[in-house]
Amino acid sequence: MSHITLKQLRYFDVLARHCHFGRAAEASAISQPALSMQIKELEEALGGVLLERGARQVRLTKFGEEVAQRARDILRSVDELGDFARASRDRLDGRLRIGMIPTIAPYLLPTMIGNLTRMHPELDIHIRETVTPKLIQELAEGRLDTAIVALPVSEPSFTEVALFAENFLLVRPGEDEGTPAPSSESLREMRLLLLEEGHCFRDQALSFCNMQSTPPREVLDASSLFTLVQMVGAGIGVTLIPEMAVAVETRSASVSVTRFKKPQPSRTIGMIWRKTSPLARQLMEISEVVRLSAETLRKQHNPGASSRNRRT
């Protein structure tokens, strides 16, 4: 067997995920012919065909699927070796890949990144924003160092650290301002606007309304909290949003925001990472910075403050 390089394995790993030479080449920051050459050399070194090449996309052969899994294991071990070396140093430096769910990232990121760069200027922070299932997969595969998600994720191979809890608030058209919040049972009879499938916040909202076992009267989906709030402002329905998002998402919409009576619906936000990560001690330090950043935001954007278009 000829010499196999880590570069070849990394390129193949990207191609296996994209199943498209053009997108994989773009993600790898190389030309498509150069990527093709690296994959061809890897196939020659392994003595087997890794791909079924089509006009628009590629598919992994059975052999290719097995090689892809083994390549990910090798690359994860190499990355963890580098993390081990970093962990042996006193300071936090180098690349840090953080995943975040979309219902947290736009609101927490500015404060969090500011605090991290101020306290650990030698960190090279990379952010990945996507839904929880993808974050869990990428974290398990070693493509992320940590992720900020709603807990629990209940993955035995992950460490979970709770950071803060936040309530869900009801967003209604502006003319409903001052009226009491409906009960969770009453919400079932309203036109409820929710995030599309795949967002954990959707599941949490449905759970509060007890709509998981019985279909609601009418549910409309959107891809972002911004869209949900704008739809409410247009009189299409009502929605729930996390407390952290209120100050940002309601400032340009004619809506009212109301707290539910106790017990209020809420979620716990935390950080997760692989139990095998050599950076566990450093990630625990990072989690404290994230917690303090969220506390700063809570004080800055107190939903109880008066506003031209909202009341809690």
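Phi angles across region 232-238 convert, under the Karplus curve 6.51 cos²θ - 1.76 cosθ + 1.60 with θ = phi - 60°, into 3J(HN,Hα) values of 5, x, 7, x, 7, x, 10 Hz, Gly and Pro given as x. Residue separation of Ile74 and Thr5 scaled by 0.36 nm, minus their Cα-Cα distance, works out to 23.7 nm of gained length. Placing +1 on each Lys and Arg Cβ and -1 on each Asp and Glu Cβ, with no other charges, gives the chain a dipole about its Cα centre of roughly 400 debye. Once both labels are positioned 7 Å from their Cα atoms along Cα-to-Cβ, the gap between Leu81 and Arg281 label points is 2.2 nm. Between Gln300 and Glu160, full extension at 0.36 nm per residue minus the direct alpha carbon distance yields a gain of 47.7 nm. Neighbour counting of Cβ atoms within 10 Å sorts the residues Glu43, Glu249, fewest neighbours leading, into Glu43, Glu249. The angle separating the long axis of helix 32-46 from the principal Cα axis of greatest extent in the chain is about 60 degrees. In the chain, taking the dipole from charged Cβ atoms about the Cα centre, the farthest positive-side position among Leu96, Leu81, Ala16 is held by Leu96. Against the longest principal axis of the chain, how steep is helix 62-87, in degrees 0 to 90 to the nearest 10, with axes from Cα atoms? Computed tilt is about 80 degrees.
A straight chain from Cys19 to Arg251 at 0.36 nm per residue would run longer than the Cα-Cα distance by 79.4 nm. Seen from every direction in turn and averaged, the convex hull around the alpha carbons of the chain projects onto 19.3 nm².
Hey, with R₀ at 45 Å, roughly what FRET efficiency would Glu44 and Ser186 work out to, going by the Cβ-Cβ distance, to 0.05? Result of the calculation: an efficiency of 0.10.
Residue ranges 265-274, 171-180 sort as 265-274, 171-180 when ordered by packing (mean number of other C-beta atoms within 10 Å per residue, highest first).
Taken about its Cα centre, region 6-84 carries a charge dipole of about 320 debye when Lys and Arg each add +1 at the Cβ and Asp and Glu each add -1 at the Cβ. Give me the net charge for the shell around Leu135: Cβ to Cβ below 14 angstrom, other residues only, Lys and Arg +1, Asp and Glu -1. With Lys, Arg at +1 and Asp, Glu at -1, the net is -1.
FYI, it's all coordinate maths here, none of it is from the lab. Keep in mind it's a predicted model, so treat the numbers as computed, not measured. Cβ atoms come from the backbone with ideal geometry, glycine included; neighbour counts cover every protein chain shown.
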